[in-house]
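First the structure, in the form of structure tokens, and then the observations on it.
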Amino acid sequence: MARTQGSHSDITGPRIRKAALGLFARHGYAAVSMRQIAKDVGVQAGALYNYTPDKQSLLFRLMQDHMQDLLAAYGELEQPADAEAALRRFVGFHIRFHMERPDEVFIAYMELRNLTPENFSEIEGLRRAYEDSLEAILQDGQKSGLFSVADTKIATLAVIAMLNGVMTWYRAGGRLSLDEVEQVYWDMVRRAVTA
């Protein structure tokens, strides 16, 4: 079936990406077919190719959009001059941005292995740009004597891994509010890097 009469690419394209996002997050990229995505959207499988060349391009676009949104949102924050305040802002931003996007976060970390080398390289570059912003905060804190870490790159990766853990277990309505969880994580990060 060709494009349904009255359908619009500005509507169908986002619906395809949303369906792929949900299916990839629930079942894994390798287990999802273009036919399943089409069924979820309500179009024939062949119609998908009017919007994306293939499944790999769809995965890459989802990851790229997520990383670009992350970098843009972080870039809009006012950055405090003090390294400790900047680190506090990073912790809160990371937790809250990612809590609103669990499927995107899952795919961004779990499906890297399914990217082609070229696509992996581009996504890795975007991830590195985000990691570099945290490492710069840690380096500033080192220079000013606020922080003491053996290796700022390893500390950067450790902090991000710890913050990402919130997405795997936190549920609204649980024992702690998100504000309380954020404070606990901030205390752990601060103690881990403070001189």
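Some notes on this structure:
- Nonlocal amide H pairs with Thr194, under 5 Å, H built at 1.01 Å: Ser148
- Exposed GluC sites (Glu not before Pro) absent - longest run of the chain, DSSP non-H/G/I/E/B, at most 11 other C-beta within 10 Å: 101-195
- Segment 123-195-segment 21-57 distance, computed between alpha-carbon centres (Å): 34
- Exposed-site-free run, longest, the chain (rule: trypsin sites (Lys or Arg not before Pro); DSSP loop; at most 16 other C-beta within 10 Å): 4-170
- With protein chains left intact and a 1.4 Å probe, residues in the chain average 54 Å² of accessible area per residue.
- Equivalent-ellipsoid semi-axes of segment 10-114, from the Cα gyration tensor, Å, largest first: 33, 13, 10
- Helix content alone sets the calculated 222 nm mean residue ellipticity of the chain: runs of n ≥ 4 DSSP H residues at -39500 (n - 2.57) each, divided across all residues, give -22500 deg cm²/dmol.
- Size estimate for the chain follows the Kirkwood approach: the inverse of mean 1/r over distinct Cα pairs works out to 18.6 Å.
- Cα-centred dipole magnitude for segment 77-161, charges only on beta-carbon of K, R (+1) and D, E (-1), debye, nearest 20: 220
- In a fully extended conformation the segment linking Met162 and Gln44 would gain 38.3 nm over its present Cα-Cα distance, using 0.36 nm per residue.
- In percent, rounded to a whole number, the relative contact order of the chain is 22, using alpha-carbon pairs under 8 Å and six or more apart.
- Spherically averaged projected area of segment 56-146 from its Cα convex hull (nm²): 6.1
The values are calculated or read from the model by the stated rules, or taken from the named source; none is laboratory data. These figures come from a predicted structure and were not determined experimentally. A quick note on method: Cβ atoms are made from the backbone with ideal geometry, for glycine too, and the neighbour counts reach across all protein chains shown. Please note that ligands, DNA and RNA were not included when accessible areas were found on the heavy atoms of the full protein model with its side chains. Shrake-Rupley method; radii C 1.70, N 1.55, O 1.52, S 1.80 Å.
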